[in-house]
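Quick notes on the structure that follows.
The values are calculated or read from the model by the stated rules, or taken from the named source; none is laboratory data. Remember, it's a predicted structure, so these values are computed and weren't measured experimentally. Cβ coordinates were reconstructed from backbone atoms using ideal geometry, including for glycine residues, and neighbour counts include every protein chain displayed. With ligands, DNA and RNA removed, areas are computed over all heavy atoms of the protein, side chains included. Shrake-Rupley method; radii C 1.70, N 1.55, O 1.52, S 1.80 Å.
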Amino acid sequence: MKRKAAETPADGDKEMQSTESKHSQDEGERPTKELKSDSKKSSNAGLVRPLKVSNKELYKAPTPEELNQLKETESLFHCSLLKMQMEELLKEVVISEKKKRLVDSFVLKITELLHSVPETPVVELSDTTWLSKAEVPFILMPKSAKGKFHMEPPASVALIGSYPLGTCTKPRVSVDLMVTIPANVIHPMDAINQRYSRKRALYLAGLAEHLLSSKEVGTMQYSCLHGNRLRPVLLLTPPGKDGGSLTLRIHACPPPDFLKPGQLHPQKNKIRTDWFTGIDAPQPGGPDAPTPHYNSTVLGDHLPGAHLQFLCAVRDQCGAFKDTVALLKVWLRQRELDQGSGCFGGFVASMLVAYLLTSHKVSNHMSAYQLFRNALHFLASTDLTENGITLARNPDSTAPSLSDFHSAFQVVFVDPSGHLNLCADMTAHTYKQIQHEASLSVQFWDDPTMDGFQALLMSPKPLIRTYDHVFQLCGLSKLQSACKKLNLFSELMDHSGNYIITALPLLLSLLQRGLGERIHLLVHSLPPSPEWPVTSEPLKHKEQPPLSFGLLLNPEHLASALEKGPPADSPKAAEFRQLWGERAELRRFQDGSITEAVLWEASTACLKRLVPQQIINHLLQLHADIPPSCVRYVGGLLDNVIIVREESCGTGEEESLKVVQCYDDLSRKLWQLEDLPLSITSVQGAHPALRYTQVLPPVPFKLSYKQFDREKRSRALLPQDGNPCPVYITPIKVICHMEGSGKWPHDALAIRHIKAAFHIRLAEILKNTHNYPCHPSATHLDVWKDGLAFRIQVAYHREPQVLRELLSPDGMLLMRDNLQAQALEMDTQHRTLLTSTLHGLQQQHPCFGAVCRLAKRWLGAQLFGADLCEDAADLLVAHLFLHPAPNTAPSSPQVGFLRFLHLLSSFDWRNSPLVVNLNSQLTVADYTDIKNGFAASRESLPTMFIATPTDRKQSIWTRDAPSVQMLQRMVTVAAESLHVLEAQLTDATHTQDVRVAFRPPLDVYDVLIYLRPKQVPLVGSAVDPPSHEPSRGAQEGAIPGGVLPVIDFNPVSLYLTELREAFGDMALFFHDPYGGTVIAVLWKPNTFPPLRFKTGTMAARRVEVCEDKVSTVPNVEAILHDFSVLGEGLVERVVPRTEKWVV
Amino acid sequence: MTCIKMWDDNWSWTPLGHGVCVSLKHIRNASVICDDFAPPVIDIKFTQNSPAAHQLLVKEHKVRVEKTASRPLDRTLFVLNIPPYCTEDVLNRLFVQFGPIESVELKDKPSNPEPAEPKLSKHFTPKQKQGFSVGYIVYTKPSGVTAAKAHPQNVPLIVSTEEHPVKTGLQKWIHQYSRSLVPPDVLQQAVDSFMNDYDQRKEEEAERKKKEAEEQEEDEEGWVKVTKGAKGAKARPHSEAADKKALEKEGKKTKRKELVNFYSWQHRQSQREHIAELRKKFEEDKQKIALLRAQRKFRPY
């Protein structure tokens, strides 16, 4: 018997191999490198080991320099690690000398080319026939324009922006080249009616036309600066293989003193209404409205040179300037704030650092680390939407005042000239987002238990994984009518017809008003700068990708379906009615007040979480004429995977709450029991259902007795052979600690018998006082209460200790750990503690349970249920809530689940312990302790190490599983699922099936055992449930009393236990515990090679005599037959997939 | 429990009277030859129609070290690789054809017969593993063993027949479930009988202790009878934990007496320690960074 050669790597593990093969199928070339490094050969290479430094080294006399350095790191950083990390990061983003040479030579070539642009005859401005190939990068609306234009070689070509400043960073190195338009091409009156902007675009088109014929240029595209359609730029890349890494941006600019900045004051009008509308009659509203955005666009073109000069002067003063800007750029980029319209780009970041330096808020001698920190602190504490800042020392008399700026723009940061607002296009919401991010970052930085570096600079924060709910506006052309509806004509003119940017601020403030306290933060994606080839026309506004918005929910106010407004007679009532339209109604409340109110339809927690969707749909429709079909709301798409009942549309919170209430009642009744020989000291839950994290929360059932057999004496129900398997009733485990007393025997066996006696006694009393059907057994007591089954287990707190005691031959009492004691401790102590702790967490974070249930559903569906126990999975999710950096704690199941997948797939399980600081019991010293202990004995610790305050050294929940191979597979599958899900959730083009991430790939397994759905009790809750579900003798509802139903009878799990006991040595068995109808079998790699004959390793093998040796090989035919024999009645068919292995 | 190795790692099937061993070399050869002999194999099928069969390996029971009454060497048949659906009853039924059987014992793996412990009721015995097992079949006469070994391989034993169906799968689990519903009074009886037994044993022990203590006491004339005493019966009950605690206490005491930063050398020492600590941390961090750099962990995107 042999594996086919192609499938058998020389020394590889079977699982490993299957992981990788799956990989290559699924995603081609993506991250296999890391996995490979884990193979046996290099298993020790990437591991942190305890360091041995000789004493001589440690205690030698320090030099003063070294002393200073050590002291500095001690006082400035939490540890020298952070400092070194930052240095490494800077090394990664800085441009290499080689790249610089490339840039310089390319710039030189292009400059020469530009100077050789031929002159063209003078033509009318609207005449573009002189361009043969290149198109004009400008949306010519309205079409008419006065003026003349001709091409002429540029007056000068100069480098501007980050490259000459030295703050240019990788990746996507872009170098800015300013081409000055000769003064006789433009006219001082051109500032009016976009004439200047059109000439600028034409000039660029002329340059493009010239460059098209050159071989020095690789690709050539148009784009526009920060999404501003009035400021097109020309993007050039060098030819050949360097093309991808370097972009040259060509800006056309007027001579610096072309227009007087005073002319472009934000309160002046430069676009005439009659021209813009094409109607000659002036608007009745008096003089034309000011066009501040247009003015600042034109003004911005005059100043790049001056800005560069200013920044260079600042840079020369402060040594750490460049590094600080680089860090800020990385920080902004990770938060998707540095690109697009109204962004906080690298240029504004440099200006901010310059502001801090010139206003002496920071000193020139500070390190990059300190400057960066101060910059974040400044952003967090300063509200530029209220109190703008200015870099101008003594602005001239024509410069606008700060209040002028505030009245025209939402965010104000004035440049050194005093005339230009650097943040003219930024919305107030973007600035709020920056503030929020900055204050979060400062907070993470101050927390010594946290890896600030990772959270601040290394973790990307895509919208979909950062915000609780996300929605997209598709069909952007609808915004055009929105502008009309919102009466935004003059603003539209100011933005030269860009209705997206025009409508955005108003939509945002509208939604902000409507969502009010339900959200912490409303953000929007920055409209990206489009790029298009020089030979095609510019993209229309409506062809842009959809706008995305993110909501950070406030769970405290999320629970109410009612929006309570002002009293009916207050003046604010009218405003309220105006906002909500017909939805506003007068309501009388219990306290007697009569107020305006809006009531949303939401009966369950799941629907209440989605009230923002209703609000957004309603407001957009009412005020902006945007129909709900254009709003693609991504907030609850994953919910239907964990929906308990189709009709009620609840994700299980309500059911879990009922279970907990029922348990509370039982526990109260247990406390009140009398006539027990020893009193009860505690009643504790030890089941996921009691902490809201059970994937399928138990639902009360009422049974129809016809479908069952009866036990003769107690009349308890029995499953009937031939009928479908009865409904699965989950036993909810409850641990009942009895008082410690001298009466307890000091002997393990005797304690077991006493516990059984307690079970019998408790059953008697419960039956007599409360008429609950009970069934005591040696290990537990089953109680049937209100349609739910509770499994009470009596515990004695000294029992684990008794189990550990051992008498040495010379009479010494030894304590030796053993499996039995560990298992008992796990059940009676650790699990109860975890249950109550996580129950508390659920009270703080209402969606904790739902995230756990999604996560466990996914683990089950991907067949990892046996490898990561429920408690460990819950702890992983708890980590997301307790240590949410770089985000805030999730408030919707969807974002929580995405972050769970991200955590699972990106955490460095090999080199770091995952610390879950439950109840914040761990101090900084404890953290170091845990980390040191981990590093010292990594090899002997579980692959997945989770430390909690009560379990710092062992990681009890992951002690046995997962194995290295399974963890690797889990990481791979999680990464793949995350990739698929994020793509689906962000892709607005069509709705897709999110369940794809919950369907396991079965092609990697060797044998598939298909089960008969009729005998799989949970099949109705499967990810893809069958259309017809047979009656299982139960319906929802509860009636007290009755007889004991069939509790905890699941043929599938019984079958799996038998399979694992019989064949666990040679194969792994995988199954989805939540209604899966397939058991997947994977042979272990060491199963097939013939073994020498030994009595100990004979199970399920057959003898083979070959030459003069007796060896054994697995008896595969018999094993496959056994699969169906052991599962008689349950197994439908056994499918060996022999294409992977041969017999 | 000490586990005595009963079998050689390779089960040597030494035929009697095969070759005369003269030299060491010969002996070695002989052992190689031994492996030529296939172990006696009996096929076992679940039903007559089963497409595949498992192989039972049978052999007379042989132990070098220990002899026990429950497994007499000449009459015991040792069976390997018994499939999970074969219970002791089934095995009895299958092997009775070779001769009358005295007892059948199933084990997870080859092991010594367990010493008789206080008999536990079946409700309290932990569940047996349902995997492949080994069996010891004791025949009343040695001829049973030889007959079994002589059974031809191509005549398979059938586990489940028309007359004696063996339940597996769903039927078995339903049966198991109904068996698990033990009436409380039966359970109570088991508990009571065990606890009575336990109390009795405890009493006896207490009696014995008391007697020993009495013997240790002085008699009227002030004499103490010196005896060897029972193992483990020391005057002071001591445990590992208590010993450790005492040691710790001692350590703390000496530490408390120490003066810190009293002499100038102590001060110097602590400063030196501080710098060494910082250096060590620095070195550790450097190592971590080197590692992360190797893994390309500093690429922000």
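When the range A:1092-1126 is filtered for residues that are assigned to a strand (DSSP E or B) and either closer than 18 Å to B:A53 by Cα or more than 7 Å from chain B (Cβ to nearest Cβ) (or both), the ones remaining, listed by number, are A:R1101, A:R1102, A:V1103, A:E1104, A:V1105, A:C1106, A:S1111, A:T1112, A:V1113, A:P1114.
Criterion applied to A:F405, A:F372, A:F413, A:F344 was being crowded, with 23+ Cβ neighbours inside 10 Å, without any contact (Cβ under 8 Å) to a residue 60 or more places away in the chain and not β-branched (V, I, T), and the one residue passing it is A:F372. Assessment of the range A:1103-1116 against the conditions (closer than 30 Å to A:R1012 by Cβ and surrounded by fewer than 21 Cβ atoms within 10 Å (Cβ to Cβ)) yields no matching residue. Restricting the search to strands (runs of 3 or more DSSP E) fully inside the range A:160-257 and requiring at least 1 residues that are under 17 Å from A:P118 (Cα atoms) gives A:173-180, A:246-253. In the range A:1000-1023 there is no residue matching the filter, namely being touching a Pro at 6+ places or on another chain (Cβ under 6 Å) and assigned to a loop (DSSP other than H, G, I, E, B).
Of the residues screened, B:V104 is one that is away from chain A (no Cβ under 13 Å) and touching a residue at least 12 places away in the same chain (Cβ under 8 Å).
Could you tell me which residue of the range A:256-274 is modelled with the highest pLDDT, considering only residues that are surrounded by fewer than 18 Cβ atoms within 10 Å (Cβ to Cβ) and more than 22 Å from A:N421 (Cβ to Cβ)? By that ranking, first place goes to A:R272.
Look through A:F106, A:F149 and report the one residue that is touching a strand residue (DSSP E or B) at 6+ places or on another chain (Cβ under 7 Å) and more than 22 Å from A:I186 (Cα to Cα). Exactly one of A:F106, A:F149 is touching a strand residue (DSSP E or B) at 6+ places or on another chain (Cβ under 7 Å) and more than 22 Å from A:I186 (Cα to Cα), namely A:F106.
One line per residue, one yes/no per condition, for (1) within 9 Å of another protein chain (Cβ to nearest Cβ); (2) under 27 Å from A:R1060 (Cβ atoms); (3) assigned to a helix (DSSP H, G or I):
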{"position": "B:S111", "(1), (2), (3)": "no, yes, no"}
{"position": "B:T125", "(1), (2), (3)": "no, yes, no"}
{"position": "B:G135", "(1), (2), (3)": "no, yes, no"}
{"position": "B:Q153", "(1), (2), (3)": "no, no, no"}
{"position": "B:E162", "(1), (2), (3)": "no, no, no"}
{"position": "B:Q188", "(1), (2), (3)": "yes, no, yes"}
{"position": "B:D192", "(1), (2), (3)": "yes, no, yes"}
{"position": "B:Q200", "(1), (2), (3)": "no, no, yes"}
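In the set (1) touching a helix residue (DSSP H, G or I) at 6+ places or on another chain (Cβ under 7 Å); (2) without any contact (Cβ under 8 Å) to a residue 60 or more places away in the chain, A:L248 fails one condition alone, (2).
Of all the listed residues (A:D665, A:D721, A:D675), the sole one being in contact with a Leu (Cβ under 9 Å, 6 or more places away or on another chain) and either at pLDDT 90 or above or open to solvent by 40 Å² or more (accessible area, probe 1.4 Å) (or both) is A:D721. Exactly one residue out of A:A455, A:A428 is within 29 Å of the chain's Cα centre (by Cα) and modelled with pLDDT of 90 or more, and it is A:A428.
Checking the stated criteria, A:R816 turns out not to satisfy the condition of being closer than 30 Å to A:T972 by Cα and not assigned by TED's automatic domain parsing to the domain that holds A:C606.
For the range B:73-84, which positions are touching a residue at least 60 places away in the same chain (Cβ under 8 Å), farther than 13 Å from A:A1099 by Cβ and open to solvent by less than 20 Å² (accessible area, probe 1.4 Å)? Of everything in the range B:73-84, those that are touching a residue at least 60 places away in the same chain (Cβ under 8 Å), farther than 13 Å from A:A1099 by Cβ and open to solvent by less than 20 Å² (accessible area, probe 1.4 Å) turn out to be B:T76, B:L77. Remark: A:P612 falls outside the filter, which requires a residue to be at negative phi and modelled with pLDDT under 90.
Against the test of being in contact with a His (Cβ under 9 Å, 6 or more places away or on another chain), over 27 Å from A:G636 (Cα atoms) and either touching a residue at least 60 places away in the same chain (Cβ under 8 Å) or within 10 Å of chain B (Cβ to nearest Cβ) (or both), the options A:Q684, A:Q720, A:Q707, A:Q694 yield a single qualifying residue, A:Q684. Looking at A:A975, A:A1038, A:A988, just one residue is surrounded by 14 or more Cβ atoms within 10 Å (Cβ to Cβ) and in contact with a Gly (Cβ under 7 Å, 6 or more places away or on another chain), and that residue is A:A1038. Remark: A:I729 matches the filter, which requires a residue to be more than 9 Å from every other protein chain (Cβ to nearest Cβ), within 47 Å of the chain's Cα centre (by Cα), at pLDDT 90 or above and buried (at least 16 other Cβ atoms within 10 Å of the Cβ).
Could you identify the single residue in A:I751, A:I729, A:I765 that is in contact with an Asp or Glu (Cβ under 8 Å, 6 or more places away or on another chain) and under 30 Å from A:G849 (Cβ atoms)? Only one candidate qualifies: A:I729.
The number of residues in the range A:397-448 that are polar (S, T, N, Q) and in contact with a His (Cβ under 8 Å, 6 or more places away or on another chain) comes to 3. Residue check: A:G1076 meets all listed conditions (1) assigned to a loop (DSSP other than H, G, I, E, B); (2) over 30 Å from A:G722 (Cβ atoms) but one, namely (2). Any residue at all in the range B:143-150 that's β-branched (V, I, T), touching a residue at least 40 places away in the same chain (Cβ under 8 Å) and open to solvent by less than 40 Å² (accessible area, probe 1.4 Å)? Yes; the residues of the range B:143-150 include at least one that is β-branched (V, I, T), touching a residue at least 40 places away in the same chain (Cβ under 8 Å) and open to solvent by less than 40 Å² (accessible area, probe 1.4 Å). Considering the range A:755-808 alone, what residues qualify as being more than 13 Å from chain B (Cβ to nearest Cβ), farther than 17 Å from A:I735 by Cβ and of a type in the set (S, T, N, Q)? Once the filter is applied, which keeps residues that are more than 13 Å from chain B (Cβ to nearest Cβ), farther than 17 Å from A:I735 by Cβ and of a type in the set (S, T, N, Q), the range A:755-808 yields A:T769, A:N771.
Listed by position, the helices (runs of 4 or more DSSP H) contained in the range A:402-491 that have at least 3 residues being out of contact with any Gly (no Cβ under 8 Å at 6 or more places or on another chain) are A:402-408, A:428-446, A:478-485.
Just one residue in the set A:S496, A:S536 is buried (at least 20 other Cβ atoms within 10 Å of the Cβ), assigned to a loop (DSSP other than H, G, I, E, B) and of a type in the set (S, T, N, Q); that residue is A:S496. Residue count for the range A:331-365, restricted to those that are basic (K, R) and not in a helix (DSSP H, G or I): 2. Could you list all residues from the range A:798-826 that are crowded, with 16+ Cβ neighbours inside 10 Å and closer than 30 Å to A:P688 by Cα? Within the range A:798-826, A:E799, A:P800, A:V802, A:L803, A:R804, A:A821, A:Q822, A:L824, A:E825, A:M826 meet the criteria. Residues in the range B:267-301 that are facing chain A (nearest Cβ under 7 Å), open to solvent by 70 Å² or more (accessible area, probe 1.4 Å) and not in a helix (DSSP H, G or I): B:R299, B:Y301. When the range A:1068-1091 is limited to residues that are within 14 Å of chain B (Cβ to nearest Cβ) and surrounded by fewer than 20 Cβ atoms within 10 Å (Cβ to Cβ), the one that is farthest from A:V1134 (Cα to Cα) turns out to be A:L1091.
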